[in-house]
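Chemist: Before I ask anything, here is the structure I am working with.
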Amino acid sequence: MRDDVLGLRLERAGACAPARLSDAQGRLIQYLRLSLTDRCNFRCSYCSVSDYEDGDRILSRAEIARIAAVFARLGVRRIRLTGGEPTLRRELTAIVADLRATPGIDEVALTTNAHKLAELSAPLREAGLTALNVSLDTLDAATLRRVSGRGAFLEPVLEGIRVAARAGFPSLKVNTVVMGGVNDGELGDLVRFAWGLGATPRFIELMPFGDGVPVPTAAVKERLAAQGVPLAPDPKRGWGPAHYMRGEGGLVGFIGAITENFCESCNRARLTAEGGFQACLGGRDRVSLRDLLRAGAGEEELAAAIHGALSRKDPRHHMDEAGARLVTLPMMGIGG
Ligand code: SAM
Ligand code: SF4
């Protein structure tokens, strides 16, 4: 991608001085979560999505490419596409290819409910997607419909995950949000399912965006041991906040968003489908890069807005505090 195509005046960092983007606390920001749409074909009880048409409200493919190039020049190395449900975006594979062609971006990842992966896995792999996270909260069709709504059918989801496993993505993870009394009786089965496909299962603590009873990570580990998955510590760390343990079939990851606060090592920021740049998932501070871009902003202005938002980033989120549900924004559009 050439600078004049971007329409931006960009200073290239010298080979010996790679750009570094950091926040108010000096944390290095190399990872951008980018929402491609607010819409979803599921209605998970712990999440909230929108029925608005995407239209001009959301960033176009060209705008995404321009903004991603700015982030890459500032030091972002990895972009995760999320939503809403990113596979509803018709240009998804083209967007993946654009991002992979952006100098500085080493990894392009995707988080999806897997419903459309049977048809999309091969094109996504061809477009250069490097990592795939699928969300799977249950292996029971009735529970899936209860958790994720009437549009959620288990067979296409499982088939999508099986096809993805055969497509050869360098990384494939199966993420489960643990809900007390809903799916905490089948955690062992979920681990065995993921391991059977060569994928890494991970368990996420429920965050206060919607309904459901959270199960702390420590209790999840106890449930796993009781359900036939004893685990031992493992030193692996990835790009994100997960820590890993090892069992007889492979690794299991844990993301204790509430009980194991990892804000200290936060390396990420978020861009909503509408182009709102948000430094913290639990924060309210957003700056519209879309509006700046559409008003004719150049790279310097966009970079200044990004730096400004990061300079206001709090040391930590406040989602574990009393009344958090009342003050946090819905998951929809923040990019998971
Ligand atoms: N639709 C895609 C999916 O479900 O994978 C991508 C977007 S979804 C918002 C991204 C991730 O956020 C999913 O793994 C989902 O399970 C998780 N998530 C949504 N709401 C959550 C909550 N309240 N607590 C914890 N994780 C949540
Ligand atoms: Fe849709 Fe994902 Fe939210 Fe479920 S978690 S409603 S699949 S965006």
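The values are calculated or read from the model by the stated rules, or taken from the named source; none is laboratory data. These numbers were taken from a predicted model, which means no experiment stands behind them. Cβ: placed from backbone, ideal geometry, glycine included. Neighbour counts: every protein chain shown. Accessible surface areas use protein heavy atoms only, side chains included; no ligands, DNA or RNA. Shrake-Rupley method; radii C 1.70, N 1.55, O 1.52, S 1.80 Å.
Chemist: Given the criteria modelled with pLDDT of 90 or more, open to solvent by 50 Å² or more (accessible area, probe 1.4 Å) and within 23 Å of L310 (Cβ to Cβ), does P18 qualify?
Modeler: On the way: modelled with pLDDT of 90 or more: no; open to solvent by 50 Å² or more (accessible area, probe 1.4 Å): yes; within 23 Å of L310 (Cβ to Cβ): yes.
It is false that P18 is modelled with pLDDT of 90 or more, open to solvent by 50 Å² or more (accessible area, probe 1.4 Å) and within 23 Å of L310 (Cβ to Cβ).
Chemist: Turning to a different aspect of this structure: For the range 38-58, name all the residues that are in a loop (DSSP other than H, G, I, E, B), open to solvent by 60 Å² or more (accessible area, probe 1.4 Å) and more than 30 Å from N183 (Cβ to Cβ). So that I can check it myself, show each step before the final result.
Modeler: From the range 38-58, those in a loop (DSSP other than H, G, I, E, B) are 38-54, 58; that's our starting set.
From what's left, open to solvent by 60 Å² or more (accessible area, probe 1.4 Å): 39, 43, 51-53.
Selection gives E53 alone.
Chemist: Taking the range 15-51 as the region of interest, how many residues are free of Cβ contacts under 8 Å to residues at least 60 places away in the same chain and within 16 Å of ligand 1 (Cβ to nearest atom)?
Modeler: Of the residues in the range 15-51, 2 are free of Cβ contacts under 8 Å to residues at least 60 places away in the same chain and within 16 Å of ligand 1 (Cβ to nearest atom).
Chemist: Filter the range 23-62 down to residues that are of a type in the set (F, W, Y) and more than 10 Å from ligand 2 (Cβ to nearest atom) and give me whichever is nearest to the chain's Cα centre (by Cα). Step through it out loud before you land on a result.
Modeler: At the first step, the residues of the range 23-62 found to be of a type in the set (F, W, Y) are 31, 42, 46, 52.
Going one step further and asking which of them are more than 10 Å from ligand 2 (Cβ to nearest atom), we end up with 31, 52.
Details: Y31: 10, Y52: 21 Å.
Per the criteria, the residue is Y31.
Chemist: Output the helices (runs of 4 or more DSSP H) that fall wholly within the range 59-139 and possess 3 or more residues being within 16 Å of ligand 1 (Cβ to nearest atom), or say none. Full working, then the answer.
Modeler: Details: elements: 61-74, 92-100, 117-127.
Qualifying helices (runs of 4 or more DSSP H): 92-100, 117-127.
Chemist: Can you find a residue that is among the charged types (D, E, K, R) and within 23 Å of S121 (Cα to Cα) anywhere in the range 21-34? Step through it out loud before you land on a result.
Modeler: Within the range 21-34, the subset among the charged types (D, E, K, R) is 23, 27, 33.
Subset that is within 23 Å of S121 (Cα to Cα): 33.
So far as the range 21-34 goes, yes, one or more of its residues are among the charged types (D, E, K, R) and within 23 Å of S121 (Cα to Cα).
Chemist: For the range 164-182, which positions are in contact (Cβ under 8 Å) with a residue 40 or more places away in the chain, over 17 Å from L144 (Cβ atoms) and away from ligand 1 (no atom under 11 Å from the Cβ)? Step through it out loud before you land on a result.
Modeler: Of the range 164-182, the ones in contact (Cβ under 8 Å) with a residue 40 or more places away in the chain are 164, 166-179, 182.
Pick out the ones that are also over 17 Å from L144 (Cβ atoms) and you get 164, 166-173.
Those that are in contact (Cβ under 8 Å) with a residue 40 or more places away in the chain, over 17 Å from L144 (Cβ atoms) and away from ligand 1 (no atom under 11 Å from the Cβ): A164, R166, A167, G168, F169, P170, S171, L172.
Chemist: Testing V174 on (1) part of a strand (DSSP E or B); (2) of a type outside the set (S, T, N, Q); (3) touching a Lys or Arg at 6+ places or on another chain (Cβ under 6 Å), one condition comes back false. Which one is that?
Modeler: Of (1) part of a strand (DSSP E or B); (2) of a type outside the set (S, T, N, Q); (3) touching a Lys or Arg at 6+ places or on another chain (Cβ under 6 Å), only one is false for V174: (3).
Chemist: Check the range 229-237 and report whether any residue there is within 16 Å of ligand 1 (Cβ to nearest atom) and at pLDDT 85 or above.
Modeler: So in the range 229-237, the residues within 16 Å of ligand 1 (Cβ to nearest atom) come out as none.
Scanning the range 229-237 turns up no residue that is within 16 Å of ligand 1 (Cβ to nearest atom) and at pLDDT 85 or above.
Chemist: Shifting gears a bit: With the checklist (1) open to solvent by less than 60 Å² (accessible area, probe 1.4 Å); (2) touching a helix residue (DSSP H, G or I) at 6+ places or on another chain (Cβ under 8 Å) in hand, flag the one item P230 doesn't pass.
Modeler: (1)
Chemist: For the range 188-241, what are the residues that are within 16 Å of ligand 2 (Cβ to nearest atom), closer than 30 Å to D106 by Cβ and part of a strand (DSSP E or B)?
Modeler: Across the range 188-241, the qualifying residues are R202, F203, I204, E205.
Chemist: Okay, next question. Identify, by number, the condition in (1) closer than 26 Å to A194 by Cα; (2) open to solvent by 50 Å² or more (accessible area, probe 1.4 Å) that A131 doesn't meet.
Modeler: (2)
Chemist: Take the residues of the range 242-271 that are assigned to a loop (DSSP other than H, G, I, E, B) and in contact (Cβ under 8 Å) with a residue 60 or more places away in the chain: which is most open to solvent (accessible area, probe 1.4 Å)? Spell out the reasoning first.
Modeler: Quick first cut of the range 242-271, residues assigned to a loop (DSSP other than H, G, I, E, B) only: 242, 248-249, 256-262, 266-267.
Going one step further and asking which of them are in contact (Cβ under 8 Å) with a residue 60 or more places away in the chain, we end up with 257-259, 266-267.
Working: A257: 7, I258: 40, T259: 83, C266: 31, N267: 28 Å².
Filtering the range 242-271 for residues that are assigned to a loop (DSSP other than H, G, I, E, B) and in contact (Cβ under 8 Å) with a residue 60 or more places away in the chain, the one most open to solvent (accessible area, probe 1.4 Å) comes out as T259.
Chemist: Here is a follow-up. What residue, among those in the range 183-215 that are in contact (Cβ under 8 Å) with a residue 40 or more places away in the chain, away from ligand 1 (no atom under 13 Å from the Cβ) and over 29 Å from E119 (Cβ atoms), is surrounded by the most Cβ atoms within 10 Å (Cβ to Cβ)?
Modeler: Looking at the filtered set, the residue picked out is L187.
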